[in-house]
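Only one structure is covered here, and it is reproduced in the block below.
The values are calculated or read from the model by the stated rules, or taken from the named source; none is laboratory data. None of the values given here were measured: they were computed from a predicted structure. All Cβ positions, even for glycine, are placed from backbone atoms using ideal geometry, and neighbour counts span all protein chains on display.
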Amino acid sequence: MIRLRFWGAAQTVTGSLYELAVDGVVHMLVDCGLFQGGPEADDANRNPFPFDPASLDLVVLTHAHLDHSGRIPLLYKRGFRGRVICTLATADLCRVLWPDSGHIQEADAEWRRRKAQRAGREAQPPLYTAQEAQDALGLLDGVPYEEPVPLAPGLTLRFRDAGHILGSAMAVLDFQGPPAFRLIFSGDLGQVGAPILRDPAQPALADCLVMESTYGGRRHPPSSGRRQQLAEIIQDTFSRGGKLVIPAFAVERTQDLIYELNALAASGQLPDEPVFVDSPLAISATEIFSRHPECFDRLTWQQIQKGDMPLDLVQLRFTRTTEESQSINGLKGPAIILSASGMADAGRIRHHLKHNLWRPEATVLFVGYQAPGTLGWSLLNGARQVRILGEEVAVKARIVSLSSFSGHADEDGLAQWVAGFRQLPPRIFLTHGEPEAQKSLAARLQQLAAQRGERAAVTSPAPGEQYTLEPAADLWPAAVLRQRLQALAEHLDQLTPMERAHVQRQLSQFWAAMAGPAEAGAGRDTPDAVK
Ligand SMILES: [Zn+2]
């Protein structure tokens, strides 16, 4: 019996954390990420884990983003010593992302300590230090895509492309049984046709699917137009003599933008002004990209073979040191500044926003998802005045968003991916989405099931809810069951006694499913009683 419990990214977007246990076989996590966005997220990160970290055998990590991996150093600090299994590129990215996250935790704690001291209060220590994050790196165990990895007796893992960021993967978990059971975690799913990376893989069958729903209810504009839109935004900003400030995740969005700027330069549409990548992390991530060509799609390979490096750009300037970073603010005239974090709630981007938000000639361009409670979210929602680094700043700059740069599939993309299964997974859990997005995607998937005459229970589990997973005969579409039985009946005389017994069992399950109250569970799964 497999028990699955949802502790994070449950009816929200950040803090991915799923606990999986089979008695006597394995006790593991899939992802262990930070909650992001505001003081509530801070508290949620500090709470004790609802299980003993030392009791865990292992963690399967879908990708390096901190909302999926960022609490692993904390897990280590609190006693976890098992393997963290991820793809090779994810391991390399974590090697720069975790210590950087530790530095941010330390800097935030120091800032809070001084504030608390002035108010005569006690302050919290950092969630974890850069050194603790460094120590946790020893747990990382990178494996290639598509290779079966034994996790425990009778349990195998296979990573498949998720097309979201470098190294991102869906995790396919095969429990040998009997009865055999396949559980797939989609991880974050990218857009089909996005540059550089291969598209998400298409699994055919699963008994249970845990999938992300970030962009449920929303549709990205076609990505074919985004290069032109970017060109227009640059043109418009530069004609006013302003700077274009782009908060971008250090991993993937920054490289996607360099890729598009490279393409604009090739077609003569990029004015000869400096392009700064002002984030030591983004610089390291760009280097890691070049070390992992096994993640690239065919188009990128062809481009490289022709001698055109997709992440090269003549006017590109990498600024690593604080001095170099500060010198950008003194620079007169147009420029493009790419800096992290992508939601503008941490990192150097805050300095660039402080120096540019009040200037009507400047533009701030958002290219990724902005979680409620972050500075990016406030700006996108029309704030006229914001507080940055302890200072009130008026918002006079033009604020724009290009969602076609999103690293996530939109609702059409998510639904098409599920439609690609040969038979719909009978149980689908939606995670990593706000309630509205989940409602929309759930309705879409139920509509898909109705069209195909199949049954799929679609559920958006609440934090802490636990479900018991077994091959659910009562959820098998009756049509499929009938087909299987007919196929068997045609060969009845050739059956061994064991096979005949199996047919009998199937038949009795079939009648039980057809007769019983199982119908009620068709739309939504119900959690186990809280123990
Ligand atoms: Zn992600």
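Are there any pairs with C-beta distances below 9 angstrom linking a residue in region 276-294 that is under 10 Å from Gln255 (Cβ atoms) and of a type in the set (Ser, Thr, Tyr) to a residue that is crowded, with 24+ Cβ neighbours inside 10 Å and at pLDDT below 90, with the two at least 6 apart or on different chains, and if so which?
Correct list of pairs: Thr286/Ala250.
Hey, can you tell me all the residues within region 402-455 that are more than 15 Å from the chain's Cα centre (by Cα), assigned to a loop (DSSP other than H, G, I, E, B) and over 24 Å from Tyr18 (Cα atoms)?
Within region 402-455, Leu402, Gly420, Arg422, Gln423, Gly453, Glu454, Arg455 qualify.
Write out, first by first residue and then by second, each pair whose Cβ atoms fall under 8 Å of each other, whose residues are 6+ apart or on separate chains, and whose first residue, in region 346-367, is at positive phi while the second is assigned to a strand (DSSP E or B).
These pairs meet every condition: Gly347/Ser339.
Somewhere in region 312-325, is a residue under 25 Å from Ile399 (Cβ atoms), in a helix (DSSP H, G or I) and touching a helix residue (DSSP H, G or I) at 6+ places or on another chain (Cβ under 6 Å)?
no
Residue by residue through region 109-143, note down the ones that are in a helix (DSSP H, G or I) and either in contact with a Phe, Trp or Tyr (Cβ under 8 Å, 6 or more places away or on another chain) or in contact (Cβ under 8 Å) with a residue 40 or more places away in the chain (or both).
Glu132, Ala133, Gln134, Asp135, Ala136, Leu137, Leu139
Does Gly333 satisfy being in contact (Cβ under 8 Å) with a residue 12 or more places away in the chain, outside any helix (DSSP H, G or I) and over 20 Å from Gly167 (Cα atoms)? Before the answer, list the steps.
Numbers: in contact (Cβ under 8 Å) with a residue 12 or more places away in the chain: yes; outside any helix (DSSP H, G or I): yes; over 20 Å from Gly167 (Cα atoms): yes.
Yes, satisfied.
Within region 180-195, can one find any residue that is surrounded by fewer than 17 Cβ atoms within 10 Å (Cβ to Cβ), modelled with pLDDT of 90 or more and either within 24 Å of Ile304 (Cα to Cα) or out of contact with any Asp or Glu (no Cβ under 6 Å at 6 or more places or on another chain) (or both)?
Yes, region 180-195 contains at least one residue that is surrounded by fewer than 17 Cβ atoms within 10 Å (Cβ to Cβ), modelled with pLDDT of 90 or more and either within 24 Å of Ile304 (Cα to Cα) or out of contact with any Asp or Glu (no Cβ under 6 Å at 6 or more places or on another chain) (or both).
Given Ile428, Ile399, which one is under 25 Å from His68 (Cβ atoms), surrounded by 15 or more Cβ atoms within 10 Å (Cβ to Cβ), among the β-branched types (Val, Ile, Thr) and in contact (Cβ under 8 Å) with a residue 12 or more places away in the chain? Let's see the steps before the verdict.
On the way: Ile399 fails: under 25 Å from His68 (Cβ atoms).
Ile428 is the lone residue from the list that is under 25 Å from His68 (Cβ atoms), surrounded by 15 or more Cβ atoms within 10 Å (Cβ to Cβ), among the β-branched types (Val, Ile, Thr) and in contact (Cβ under 8 Å) with a residue 12 or more places away in the chain.
Looking only at region 79-90, count how many residues are among the hydrophobic types (A, V, I, L, M, F, W, C), more than 16 Å from the ligand (Cβ to nearest atom) and either touching a residue at least 60 places away in the same chain (Cβ under 8 Å) or surrounded by fewer than 23 Cβ atoms within 10 Å (Cβ to Cβ) (or both).
2
Is it the case that region 201-214 has a residue that's among the hydroxyl-bearing types (Ser, Thr, Tyr), within 16 Å of the ligand (Cβ to nearest atom) and farther than 30 Å from Asp108 by Cα?
Yes.
Say we look at region 153-190 and pick out the residues that are part of a strand (DSSP E or B) and of a type in the set (Gly, Ala, Ser); which of these is farthest from His65 (Cα to Cα)? I'd like the intermediate steps shown before the answer.
Narrowing region 153-190 to residues part of a strand (DSSP E or B): 155-161, 169-175, 181-185.
Restricting the remaining residues to those that are of a type in the set (Gly, Ala, Ser) gives 169, 171.
Values: Ala169: 12, Ala171: 15 Å.
Once the filter is applied, the top-ranked residue is Ala171.
State yes or no: is Leu270 part of a helix (DSSP H, G or I) and more than 26 Å from the chain's Cα centre (by Cα)? Let's see the steps before the verdict.
On the way: part of a helix (DSSP H, G or I): no; more than 26 Å from the chain's Cα centre (by Cα): yes.
When the stated conditions are applied, Leu270 does not pass them.
Please specify each residue of region 311-326 satisfying the condition of being closer than 20 Å to Trp358 by Cβ and out of contact with any strand residue (DSSP E or B) (no Cβ under 9 Å at 6 or more places or on another chain).
Result: Gln326, single match.
Do any strands (runs of 3 or more DSSP E) lying entirely in region 16-78 carry at least 3 residues that are within 16 Å of the ligand (Cβ to nearest atom), and which ones are they?
Hits in region 16-78: 26-32.
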